[in-house]
């Protein structure tokens with residue numbers, strides 16, 4: 001059975017840092033794929049989020065402050081503060097779908113992060129569903145979410161036939177040890 005590690009916690013708790021550390025650690029041992037979202041800062045202010053294609057290291061814009069953009073590609077989906085790149089989300093979903101379509105001996109696939117958009121049926125949901133349904137027995141997926149979405153993500157992972165395990169952020173040692181078993 002394929003396994004899904006769900007790393008949960010509030011904003012700023014280290015979910016993404018855990019993923020970045022684990023991806024780097026695993027890169028020489030297994031095929032790594034998927035997406036990790038990183039904060040874009042202007043000084044100490046969060047002005048957006050970029051998406052990193054874990055297999056290539058390429059990044060592309062996903063979310064920006066609404067005040068900084070006036071472009072038809074960027075849509076306010078539910079928060080007035082941020083706007084979302086339709087082409088960025090399309091590309092992120094394509095990366096996620098490709099991460100389970102590509103053949104390889106063992107894969108570690110990241111989905112950072114399942115959030116409010118996904119719970120509403122938008123954002124990265126199609127890519128997340130492709131990953132959950134496309135994992136093979138030797139594959140591991142690492143999915144991040146906020147605490148309030150933990151049971152929803154766990155239910156979706158198990159509903160797709162995956163074994164789900166829950167982790168808190170704060171370094172990748174425990175996750176790495178679990179993954180190697």
(request) Select, from 133, 121, the only residue that is out of contact with any strand residue (DSSP E or B) (no Cβ under 9 Å at 6 or more places or on another chain) and part of a loop (DSSP other than H, G, I, E, B). (result) 121
(request) Report yes if some residue within region 4-24 is in contact with a strand residue (DSSP E or B) (Cβ under 7 Å, 6 or more places away or on another chain), surrounded by fewer than 22 Cβ atoms within 10 Å (Cβ to Cβ), touching a residue at least 40 places away in the same chain (Cβ under 8 Å) and assigned to a helix (DSSP H, G or I); otherwise report no. (result) yes
(message) Looking only at residues that are out of contact with any helix residue (DSSP H, G or I) (no Cβ under 8 Å at 6 or more places or on another chain) and over 21 Å from residue 100 (Cβ atoms) in region 147-179, which one is surrounded by the most Cβ atoms within 10 Å (Cβ to Cβ)?
(response) 150
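None of the figures in this text is laboratory data; all of them are computed from the coordinates on show. Note that the coordinates shown come from a computational prediction; the quantities given were computed from them, not determined experimentally. Don't worry about glycine lacking a Cβ; one is built from the backbone with ideal geometry, like all the others, and counts go over all protein chains shown.
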